[in-house]
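Accompanying notes for the structure given below.
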Amino acid sequence: MADQNHLPGFKPASPETEETFDWRGPEVIIRTQPATAIYRNVHDAVVIRQESVTGYDDQFVFFATKDDVQTLINALDREIAGAK
């Protein structure tokens, strides 16, 4: 990995900026979230699995049929379109 101080156009932040940066401020565009995986299980269902944040069990959502998956996609598209 290249040293960031030598990347074209890269200007290191001043120590003052680093110390006062607000990770809850409007500049942060992606908040921390659990890792998420999508795969098929042994029953051929599509599984959405999200890593546990408590150290106990992961969270699972199963979609048994192709129509179920399409319904999910349609709902996600609808939510994205309605987002402001």
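Every read-out reported here was derived from the displayed coordinates using simple, explicitly stated rules and does not represent laboratory data. In this text, all values refer to a predicted model and were calculated from it rather than measured experimentally.
Limiting things to C-alpha atoms, what are the Rg and the maximum Cα-Cα separation (Dmax) for the range 32-84, in angstroms?
13.1, 39
Between N74 and V42, what is 0.36 nm times their sequence separation minus the Cα-Cα distance? Round to one decimal in nm.
Gain on stretching N74 to V42: 9.0 nm.
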